[in-house]
């Protein structure tokens, strides 16, 4: 066997992930033979329906607004966020109904019932919101409005199901090019393909390299999941739109996910129109008839208002969004400066908080939510603001979107 074969590649051609060569560069053993290891063809990660790419980098996280709540729980700090993917829009009612449709056919009735959103979140003792209780989730006109009444636990279950269903679709070989969950299942998925036992749902299979779908083959998607708080805040800032090519200094900041200090559009034909769905002031949810300022008394179409510079819609207003992190007031100083994330019981354990004595609301089952909603004033639209709620609770003002790692990349 010649030196070329032992090296795996010809002179001056180093092996790469997409071109590993015919032979191992360390043992010289030929791949994809009876005695050699199976090495599948690989180009890049399959495209995840509904996702857009978020280029990572260095940024300053933390509140850009005056800390009117005096919580001091998101003080500025410099961090680096690795590139990742995020849903371009909030998960909508039609997507949740699709979820309910599939789990009703292949899951226990008990789990189906646990996945039903709490539509009574619209009910108010002194408001006539009764129609939303009945119609908001299921009426066709609300299909592409953000799903609400969903707890953090329910959103997390949805991410697990979505991962399994999308990878099942990849395993069937009937790939859909249109993108978006709404068009993903126009045809009935084929029965589990031969060798598709590698499609285990949440993370794909570890596999033996011979299965049709496995992590080693690179043809399964990583987990859909809730974004970390740092990822969400970074994506909402979208400072990539302010950066000059070749300039490593971040010279501009943003109070909101758009330029300027105003919540109105400062340019073009839509000058003066609001850039998000929020509560302008006491009793003012939408403006006056004939000149509605944000156009929505409650939630709004998930693609309303201009997207930010990453192509993400409604990263301010419409609905708050769940993120992965457990809430702690000192997360800003405790977490790492590369891909920061607050887990359960780390560094600041729950036994330091007197929840049993009703002196605290904090334990390991409260999660952060971000972004502001149709019912919030402009202060909460700033990416650096944060609040928390019990992970098994839900409201008419909180929804979510999914994220995914950028697998196979160091960026």
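We did not get these values from a lab; they are worked out from the coordinates using the rules stated. Please read all numbers here as calculations on a predicted model, not as lab measurements. Heads up, the Cβs are rebuilt from the backbone with ideal geometry, glycines too, and the neighbour counts pull from every protein chain shown.
Using alpha-carbon positions, what is the distance between the centroids of the range 386-411 and the range 117-152, in Å?
Computed from Cα coordinates, the inter-centre distance equals 20 Å.
Between residue 14 and residue 160, what is the FRET efficiency for a Förster distance of 30 Å, r being their Cβ-Cβ separation, to the nearest 0.05?
In this case the efficiency is close to 0.20.
Quick one: if you stick a label point 7 Å off each Cα along the C-beta vector at residue 42 and residue 360, how many nm between them?
4.3
Rounded to whole Å, give me the distance from the Cα center of the range 330-349 to that of the range 58-96.
15
Specify the residue with the greatest mean-square fluctuation among 353, 285, 132, computed from a Gaussian network of the chain linking alpha-carbon atoms under 10 Å apart.
Maximum among the listed residues: 353.
Between rounded, prolate and oblate, where does the range 246-364 land on the alpha carbon gyration tensor, with a ≥ b ≥ c its root eigenvalues, rounded for a/c under 1.5, else prolate if a/b exceeds b/c?
Since a/c reaches 1.5 but b/c is at least a/b, the shape of the range 246-364 is classed as oblate.
Quickly work out the residue 344-to-residue 130 label distance, labels modelled 7 Å from Cα along the C-beta direction, and quote it in nm with one decimal.
Here the answer is 4.1 nm between the modelled labels.
Of 20, 257, 46, which is the most mobile in a GNM of the chain whose springs link Cα atoms less than 10 angstrom apart?
Judging by the Gaussian network model, the answer is 20.
Fewest Cβ neighbours within 10 Å first, please rank 95, 365, 72 accordingly.
Ascending Cβ contact count within 10 Å gives the list 72, 365, 95.
What FRET efficiency do you get for residue 270 and residue 83 if R0 is 51 Å and r is their Cβ-Cβ distance, rounded to the nearest 0.05?
Computed FRET efficiency for residue 270 and residue 83 comes out at 0.95.
Counting alpha carbon pairs within less than 8 Å and at least 6 residues apart, what relative contact order, in whole percent, applies to the chain?
22
Determine the calculated [θ] at 222 nm for the chain from helices alone, applying -39500 (n - 2.57) to every DSSP H run no shorter than 4 residues and normalising by the residue count; nearest 500 deg cm²/dmol.
-4500 deg cm²/dmol
Specify the angular offset, from 0 to 90 degrees and rounded to the nearest 10, of the alpha carbon long axis of helix 93-106 from the longest principal axis of the alpha carbons in the chain.
50
Kindly express, to the nearest 10 degrees and within the range 0 to 90, the angle between helix 152-172's C-alpha long axis and the longest C-alpha principal axis of the chain.
On a 0 to 90 degree scale, this one is about 40.
Only one of the listed values, [x] 21.0; [y] 25.5; [z] 22.9, was derived from the coordinates as mean projected area of the Cα convex hull in nm²; which label is it?
Given [x] 21.0; [y] 25.5; [z] 22.9, the structure-derived one carries the label [y].
Of the residues 246, 28, 372, which exhibits the maximal mean-square fluctuation in a Gaussian network model of the chain defined by a 10 Å Cα contact cut-off?
Highest fluctuation of the listed residues: 246.
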